[in-house]
Every structure is written in structure tokens, then in C-alpha cells.
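Below is one structure, written out as C-alpha cells; comments come after it.
The values are calculated or read from the model by the stated rules, or taken from the named source; none is laboratory data. These numbers were taken from a predicted model, which means no experiment stands behind them. Every residue, glycine as well, gets a Cβ built from its backbone with ideal geometry; the counts of neighbours run over all protein chains shown.
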Amino acid sequence: MKTIYLLLLGLLALSHGLFAQRLSPQIGLNMVPLFNKTVEVNATVLRTPGYEIFLHGGYSFPKFYQTNQNESYDRYWEGTAGGAYLKLGARAYWNETGKFRIYLGPQLTAGYLNQTGKSTTVVYCVMAPCPRLEREGKNRQNFLSGGITAGVTTNIAPRLTLDLGIQANTYVFEKPDLSNTTIYVPGVGRKPVQGVASIQYTLKGR
């Protein structure tokens, strides 16, 4: 996906002039998406007491969604949906020291969503019952969203930290056309705001 490639190139260009600094990179896992069969791996490429630059990558395993009405009351869809995403962002800390450090920052998410299933349309006739129109198919939709993340970070062990917060996203161009209103969009979620609960492991000492 071109957008993901551009995010990677931007990250490399930004990091080129930063490797001379003393870094404390981290890797971690966001536990909230696990409830939606999504694995999100976190990597902090630049980490200082005052700010961080992070890169998150995730994959949503295909999940089956049962028949459910979408925005049209006479059309139903059931099938599987899944995809992947890449998230690039930064955050600044309100307080550089302390047990609980408050952070706020922007983020950009690029990804894709695959939907495969059967769509059923109910046709209403006046004189006689009409057969339902059924159609099977699949589609792939790319998306780009921008947003902010905010929360607190605390140390739970010498090399382990816990992030608790929220992230809010909005689509940059247009929202993916969801065949089912309950579909989880990789990296964004079902609603514009979702929680964050991530455990991070520090690779190098401070």
C-alpha cells in the first residue's frame, strides 16, 4: 500500500538525524485490540524524557460477523472481515518525571480492510411475496485516518511500563463502506474513540 510505504519513508527520514542521541527504544503490545482478534505490536523508535516517536503495526485476523442490519433496513450482510494497518505518531509528556506521566500527541494510521460475505436484499411487493436477492462477493478498501492519543504512563517494573489512555481518530478522506455496522476497522476500531492499554518493554537502559 502506497500510504504505508510513505509512512515508512517518513519515519526513516525523521530518524536519520536522531540516532546520534541517546535512545531507549521500547517494544510492546496493546491489549485492547486482542478482544477483536487483532494483534497490535508497538515500537518506540525515539524515546526521551520529554517526548517519543512511535510506530505501531497490527493485523486483524478474519472474523465472522453474523447477519445484522446496516444503515438500510432492507439489506443484510454476513461474512468475514479483517485487515492490517500501520500507525506513526508522536507524543509529548506534560511531566518528564514522576510515577504517573501524562502524555498527548498526534498519530496517523494507514491500513486496509477486507470484507467477504453474502449480502441479502429484501424486496417488498404489493401483490405477492418477492424472493430475496442474494449476492456473494468480496472487496478491499484502503483508508487513512488522523487522530490524537492521550493518557498516562507508569513504571510497573525496572524495564516494564504500562500505558493507559484513549485514542480518537477521524478519517482523512472518507470512511470505509462497512457491510456490517459491527465490523472492527483495524487500527481505528468500531467507534471514533477507543481505549489503550499497552505494556512496553525497554530494550536499553535509561
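Counting just the residues of region 164-185 that are assigned to a strand (DSSP E or B) and in contact (Cβ under 8 Å) with a residue 40 or more places away in the chain, which one comes out nearest to PRO62 (Cα to Cα)?
From region 164-185, those assigned to a strand (DSSP E or B) are 164-171, 185; that's our starting set.
Next, from what is left, pick out any that are in contact (Cβ under 8 Å) with a residue 40 or more places away in the chain: 165, 167, 169, 185.
On the way: GLY165: 27, GLN167: 23, ASN169: 22, VAL185: 11 Å.
Per the criteria, the residue is VAL185.
How many residues are at pLDDT below 85 and farther than 20 Å from VAL152 by Cβ when one looks only at region 64-98?
Taking region 64-98 and keeping what is at pLDDT below 85, we get 66-77, 96-98.
Those left that are additionally farther than 20 Å from VAL152 by Cβ: 66-77.
Residues that pass the stated criteria total 12.
Does ALA110 satisfy the criteria of being under 19 Å from VAL32 (Cβ atoms) and part of a strand (DSSP E or B)? Give the derivation first.
Working: under 19 Å from VAL32 (Cβ atoms): no; part of a strand (DSSP E or B): yes.
The answer is no for ALA110.
Matching residues to (1) farther than 24 Å from PRO62 by Cβ; (2) out of contact with any helix residue (DSSP H, G or I) (no Cβ under 9 Å at 6 or more places or on another chain); (3) free of Cβ contacts under 8 Å to residues at least 60 places away in the same chain; (4) part of a strand (DSSP E or B):
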{"residue": "ALA92", "(1), (2), (3), (4)": "yes, yes, yes, yes"}
{"residue": "GLY98", "(1), (2), (3), (4)": "yes, yes, yes, no"}
{"residue": "GLY117", "(1), (2), (3), (4)": "no, yes, no, yes"}
{"residue": "LYS138", "(1), (2), (3), (4)": "no, yes, yes, yes"}
{"residue": "GLY146", "(1), (2), (3), (4)": "yes, yes, yes, yes"}
{"residue": "THR149", "(1), (2), (3), (4)": "yes, yes, no, yes"}
{"residue": "ILE156", "(1), (2), (3), (4)": "yes, yes, yes, yes"}
{"residue": "GLY187", "(1), (2), (3), (4)": "no, no, no, no"}
{"residue": "ILE199", "(1), (2), (3), (4)": "yes, yes, no, yes"}
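Of all residues in region 92-150 being touching a Lys or Arg at 6+ places or on another chain (Cβ under 9 Å) and among the aromatic types (Phe, Trp, Tyr), which is surrounded by the most Cβ atoms within 10 Å (Cβ to Cβ)?
The qualifying residue surrounded by the most Cβ atoms within 10 Å (Cβ to Cβ) is PHE143.
Let me confirm something: among ASP163, ASP177, which residue is buried (at least 20 other Cβ atoms within 10 Å of the Cβ), of a type in the set (D, E, K, R) and on the phi < 0 side of the Ramachandran plot? Outline the logic, then answer.
Numbers: ASP177 fails: buried (at least 20 other Cβ atoms within 10 Å of the Cβ).
The conditions single out ASP163.
Being touching a residue at least 24 places away in the same chain (Cβ under 8 Å) and under 28 Å from GLN26 (Cα atoms): is that true of ASN142 here? Show your work before the answer.
Numbers: touching a residue at least 24 places away in the same chain (Cβ under 8 Å): yes; under 28 Å from GLN26 (Cα atoms): no.
Answer is no for this residue.
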